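Right, one structure below, let's go through it.
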Amino acid sequence: MCSVNKKTILLVEDEALIAIMEKKLLENKGYTVHTVSTGEKAVETIIEDILPVDLILMDINMPELNGYEATKQIREFNKDVIIIAQTAFALSGDREKVLDAGCNDYVSKP
């Protein structure tokens, strides 16, 4: 297991099975992972400083408040936290769209 100095990740994922698998994978690598299933909960967690977060893995395609809008709201209050968008839509122009929303980068997921 690699040492990651117990970095804390906020995993924002509305699909329960994906959240369970990603959380387990990241915890096996030594990260502390907290999960929320909505964009609203992600914004609340960051704005209300509920827990210290080093990285946000933000699902983009969520009902109600999607990852783009959640990221924009988080950026109004926190410009420093690293936000990596996770999307199954790895099409031309998607990288620019997540960067425009305020994400630092994105990864595609199967």
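The values are calculated or read from the model by the stated rules, or taken from the named source; none is laboratory data. Keep in mind that this is a model prediction, so the values were computed, not measured. We place every Cβ from the backbone using ideal geometry, glycine too, and count neighbours over all the protein chains shown. We work out accessible area using only protein heavy atoms, side chains counted, and drop any ligands, DNA or RNA first. Shrake-Rupley method; radii C 1.70, N 1.55, O 1.52, S 1.80 Å.
Residue 68 is checked against (1) more than 17 Å from residue 109 (Cβ to Cβ); (2) within 11 Å of the chain's Cα centre (by Cα); (3) among the aromatic types (Phe, Trp, Tyr) and fails just one. What number does that condition carry?
(1)
How many residues does region 85-95 hold that are closer than 27 Å to residue 30 by Cβ, outside any loop (DSSP other than H, G, I, E, B) and open to solvent by 30 Å² or more (accessible area, probe 1.4 Å)?
0
Using beta carbons and a limit of 6 Å, which pairs, at least six apart or on different chains, have the first residue in region 23-41 and within 10 Å of residue 11 (Cβ to Cβ) and of a type in the set (Val, Ile, Thr) and the second one assigned to a strand (DSSP E or B) and modelled with pLDDT of 95 or more?
These pairs meet every condition: 33/9; 33/11; 35/11; 36/12.
What single numbered condition from (1) part of a helix (DSSP H, G or I); (2) hydrophobic (A, V, I, L, M, F, W, C); (3) closer than 18 Å to residue 7 by Cα fails to hold for residue 51?
Of (1) part of a helix (DSSP H, G or I); (2) hydrophobic (A, V, I, L, M, F, W, C); (3) closer than 18 Å to residue 7 by Cα, only one is false for residue 51: (1).
Kindly check whether there is at least one residue in region 56-77 that is surrounded by fewer than 16 Cβ atoms within 10 Å (Cβ to Cβ) and of a type in the set (Phe, Trp, Tyr).
Yes, some residue in region 56-77 is surrounded by fewer than 16 Cβ atoms within 10 Å (Cβ to Cβ) and of a type in the set (Phe, Trp, Tyr).
If residue 110 passes every condition in (1) open to solvent by 60 Å² or more (accessible area, probe 1.4 Å); (2) modelled with pLDDT of 95 or more but one, which one does it miss?
(2)
Which pairs do you get when a residue that is touching a residue at least 60 places away in the same chain (Cβ under 8 Å) and within 17 Å of residue 51 (Cβ to Cβ), found in region 5-16, comes within reach of a residue that is crowded, with 17+ Cβ neighbours inside 10 Å and of a type in the set (A, V, I, L, M, F, W, C), reach meaning Cβ atoms under 9 angstrom, with the pair 6+ apart or on two chains?
What qualifies is 13/19; 13/36; 13/57; 13/58; 13/62.
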